[in-house]
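These notes are about the structure you will find just below.
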Amino acid sequence: ETGVTQTPRHLVMGMTNKKSLKCEQHLGHNAMYWYKQSAKKPLELMFVYNFKEQTENNSVPSRFSPECPNSSHLFLHLHTLQPEDSALYLCASSRDIQGPNEAFFGQGTRLTVV
Amino acid sequence: AQKVTQAQTEISVVEKEDVTLDCVYETRDTTYYLFWYKQPPSGELVFLIRRNSFDEQNEISGRYSWNFQKSTSSFNFTITASQVVDSAVYFCALRGDFNKFYFGSGTKLNVKP
């Protein structure tokens, strides 16, 4: 299995739907991240978790709700999204949130809000 | 403030040409880490290299080489004898001693046969 796995790979949802993105890492890392990548925009950090505790919420709207039940799993719950939320959502993990620890990324979930 | 600038939005080369991707960073941290990632069309960011601020040695890995110069706050990436499979978006990133990764806006490399 790859190090960081995201499901689903593609998701189309209406603005009134509720859906969840899932991320699982098999690297034994302690930190996990959600990033948003929109067309022609830099990667935007959304949330950071360290040992299951949220350490950063980068002013993300409440229609995005993260959940980290353990160090290996990270979810992003979505509800009442807007069309501008359509983007590639990338999950990443690193050994720790400090120091010389590179992040490893999943393949992303391509989200389209209609 | 932490910032990463990749001034080249898109570069096109013909196969077998050498190409250099530029990365300039800003940080006030005395200890920091620099990274390069490759994002092919499949979407996943693939880690290529990490360089610590206290290690200015350049590195070569096959056709890839990296030139780190603290004096100019640059961490440039050169691909020698480029191949079509090198076509991707390349991101430079900076991380201080605390949790945030700061990514540049990426450089799209097109390698034509």
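Here segment A:73-114 is the region considered, the condition is being assigned to a loop (DSSP other than H, G, I, E, B) and either under 13 Å from the mean Cα position of the chain (by Cα) or among the aliphatic types (A, V, I, L, M) (or both), and the residue that is surrounded by the fewest Cβ atoms within 10 Å (Cβ to Cβ) is A:VAL114. Determine if segment A:21-34 includes at least one residue that is surrounded by 15 or more Cβ atoms within 10 Å (Cβ to Cβ), under 27 Å from B:ALA7 (Cα atoms) and within 14 Å of another protein chain (Cβ to nearest Cβ). Yes, the conditions are met somewhere in segment A:21-34.
For segment B:80-95, a residue qualifies if it is among the aliphatic types (A, V, I, L, M), touching a strand residue (DSSP E or B) at 6+ places or on another chain (Cβ under 7 Å) and not in a helix (DSSP H, G or I), and the qualifying residues are B:ALA88, B:VAL89, B:ALA93, B:LEU94. Within segment B:3-32, no residue that is farther than 19 Å from B:TRP66 by Cβ sits with its Cβ atom under 8 Å from a residue that is crowded, with 16+ Cβ neighbours inside 10 Å and among the acidic types (Asp, Glu) at 6+ positions apart or across chains.
Picking from residues in segment A:11-22 that are in contact with a Ser or Thr (Cβ under 7 Å, 6 or more places away or on another chain) and part of a strand (DSSP E or B), the one that is farthest from A:PRO69 (Cα to Cα) is A:VAL12. Pairs meeting the criteria (first residue in segment A:41-61 and buried (at least 16 other Cβ atoms within 10 Å of the Cβ), second residue acidic (Asp, Glu), beta carbons under 8 Å, at least 6 apart or on different chains) are A:LEU45/A:GLU56; A:PHE47/A:GLU56; A:VAL48/A:GLU56; A:ASN50/A:ASP96. State whether one or more residues within segment A:55-75 are among the basic types (Lys, Arg), out of contact with any helix residue (DSSP H, G or I) (no Cβ under 6 Å at 6 or more places or on another chain) and within 14 Å of chain B (Cβ to nearest Cβ). Within segment A:55-75, none of the residues are among the basic types (Lys, Arg), out of contact with any helix residue (DSSP H, G or I) (no Cβ under 6 Å at 6 or more places or on another chain) and within 14 Å of chain B (Cβ to nearest Cβ). In segment A:43-54, the qualifying residues are those that are part of a loop (DSSP other than H, G, I, E, B) and touching a strand residue (DSSP E or B) at 6+ places or on another chain (Cβ under 6 Å), and the one that is farthest from the other protein chains (Cβ to nearest Cβ) is A:LYS52. Scanning segment B:24-48 for residues being at the interface with chain A (Cβ under 10 Å from one of its Cβ atoms), farther than 17 Å from B:GLN2 by Cβ and under 11 Å from the mean Cα position of the chain (by Cα) gives a total of 2.
Quick note: the coordinates plus some simple rules give every number you see, no bench work behind them. Note that this is a predicted model, so its numbers are computed, not measured. Heads up, the Cβs are rebuilt from the backbone with ideal geometry, glycines too, and the neighbour counts pull from every protein chain shown.
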